[in-house]
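Since the structure comes first, as structure tokens, the remarks are kept for the end.
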Amino acid sequence: MIPYSHQCIDEDDIEAVVEVLRTDFLTQGPKIEAFEKALADYCSAKYCVAFNSATTALYASCFALGLGKNDSFITTPISFVSTANAGVYCGAGPIFCDIEKNTGNMDVDLVEDLIEKDTRLIIGVDYGGNPLKWDKLKSIAEKYGLKLIDDASHALGAEYKGKRIGSCEFCDITVFSFHPVKPITTAEGGAALTNDETLYKKLLMFRNHGITKSAKDFISEPDGDWYYEMQFLSFNGRISDMQAALGLSQLKKLNSFTEKRREIVKLYKDRFENKGFFDFTEETKGAKSGYHLLPVLLKDGFVEKKQEIFKNLRSKGVGVQVHYIPIYRQPFYRRLVSNVHCPNAEEFYRRELSLPVYPCMERDDLEFVFEAVEGVFEQLLSP
Ligand SMILES: *Cc1c(COP(=O)(O)O)cnc(C)c1O
């Protein structure tokens, strides 16, 4: 099966992990800080905290920005559930903003009308690696005093208005995921980047049970050099040194990974743009997508047969996927929110299929996928 995305691991990645196994530190050693520094440098952000997942990093970010029980937050329905879950963990209520038809990103022109008295923050997602319109979203956030999180789980390596995603030029905190299907991997892992020192300290404490060992941040008087202080309830959100070493090694290849993904997408476009099977999503103006995903939107005549297309492609060994079931459709969210109105998200979900794209996809794999896709769609056309 050719999957919709896949990790690309070389010998040097393997070596990097094995090397850590020969040292004293399997966790909380030097590789974590080195990875954090390399990521912050890559993105031109001041601070970076690596976590055991993007989910933890998102939760930590909502917490650090003060999201709480009597608040609401605005987010997109076309994302993985953990985007919205992050705010719900803090006890806040989600408000789902509809998306743009042509990108799948949150429609920032709709955000202002959704802001309520208790709205405290917005979590945007760069869907498929394609940045949303951050300049507009930032100006809305500033006008209403809202905080902004970029769930950039798809978008490490992408750019917006000449800045790398992760620079935090347009948001308070950016979160990346290093799950194997994402732009680079640490097996499991994530990170939160910010330019704000106070947020940075809270993120660090969140990762480690709400504990600080920094004397100048203590609330009580230390009674010895062993003293440490737990200031709020959290849990263990740490990443290991083996994972950080893998991340460091992978980060070196990020630019070539991104270019490879973009080349592959171009080949898909050359092959299928005029076939009448499906449309490609658009790249945001002024942005460079990292193409974590290659979402296509089935045209009329095919959209009614999406289940059949999905099944036939899977049975031919093409691991297509659907990104995403609108989050508000999940039973948990149906119980939590009523009166959701997102017609574009519904339509996007009805039409969307994700085709395989990943950096180490070979030319033969691609040709195999091309032929399978052509075969499945043409078979549906023939009487
Ligand atoms: C993958 C993903 C997450 C969760 O990432 P983990 O590292 O698996 O916790 C969150 N948000 C989006 C948009 C994702 O794609």
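Extension gain for GLU197 to LYS37 (0.36 nm times residue separation, less C-alpha to C-alpha distance): 56.1 nm. Between PHE232 and VAL18, full extension at 0.36 nm per residue minus the direct alpha carbon distance yields a gain of 73.5 nm. Here r is the Cβ-Cβ distance between SER256 and HIS209 and R0 is 56 Å; the resulting FRET efficiency, rounded to 0.05, is 0.90.
From least to most packed, judged by other beta carbons within 10 angstrom and beginning with the fewest, HIS292, HIS209, HIS6 follow the order HIS209, HIS6, HIS292. Residue-wise HN-Hα couplings along the range 182-196, as the Karplus relation 6.51 cos²θ - 1.76 cosθ + 1.60 with θ = phi - 60° gives them from phi, are 7, x, 9, 10, 10, 6, 10, x, x, 7, 10, 10, 7, 9, 9 Hz; Gly and Pro carry x. The Rg/Rh ratio of the chain, with Rg taken over Cα atoms and Rh as the Kirkwood radius over Cα pairs, comes to 0.99.
As an exercise, use a Förster radius of 30 Å and the Cβ-Cβ distance of GLU347 and LYS161 to find the FRET efficiency, rounded to the nearest 0.05.
Once rounded, the FRET efficiency stands at 0.60.
Ordering 87-93, 151-157 by mean Cβ neighbour count within 10 Å, with the highest value first, yields 151-157, 87-93. Along the axis of the charge dipole computed for the chain (Cβ charges of +1 for Lys and Arg, -1 for Asp and Glu, origin at the Cα centre), the listed residues LEU110, CYS43, LEU58 are led at the positive end by LEU110. Note on GLU304 and PHE280: with the Förster distance fixed at 22 Å, the Cβ-Cβ geometry gives a FRET efficiency of about 0.65.
If the chain between LEU114 and ARG271 were fully stretched, how many nm would it gain, using 0.36 nm times the residue separation less the Cα-Cα distance?
Numbers: separation 157, 0.36 × 157 = 56.52 nm, distance 4.04 nm.
Once the chain is fully extended between LEU114 and ARG271, it gains 52.5 nm.
Max-minus-min Cα coordinates of the range 254-381 on each principal axis give 47, 38, 24 Å, with the largest extent listed first. Using a Gaussian network model of the chain in which every pair of alpha carbons under 10 angstrom is joined by a spring, one finds that among THR55, THR174, THR281 the greatest mean-square fluctuation is at THR281.
Here the peptides 256-268, 175-187 are ranked by packing, the mean other Cβ count within 10 Å, and the order with the highest first is 175-187, 256-268.
Per-residue packing, averaged as other Cβ atoms within 10 Å, sorts the ranges 19-31, 214-226, 132-144, 189-201 into the order 189-201, 132-144, 19-31, 214-226, beginning with the highest. When the range 124-270 is described by a simple charge dipole with +1 on each Lys and Arg Cβ and -1 on each Asp and Glu Cβ, the residue from THR212, ALA152, LEU267 located farthest towards its positive end is LEU267.
Per-residue Karplus couplings for the range 104-119, computed as 6.51 cos²θ - 1.76 cosθ + 1.60 with θ equal to phi - 60°, are listed in order as x, 7, 3, 7, 5, 5, 9, 5, 4, 5, 8, 5, 10, 4, 9, 6 Hz, Gly and Pro entered as x.
Throughout, read-outs are computed from the coordinates displayed, never taken from laboratory work. Since the structure is predicted, the reported quantities are computational estimates derived from the model, not experimental observations. Counting neighbours? That spans all protein chains shown, and the Cβs are built from the backbone with ideal geometry, glycine included.
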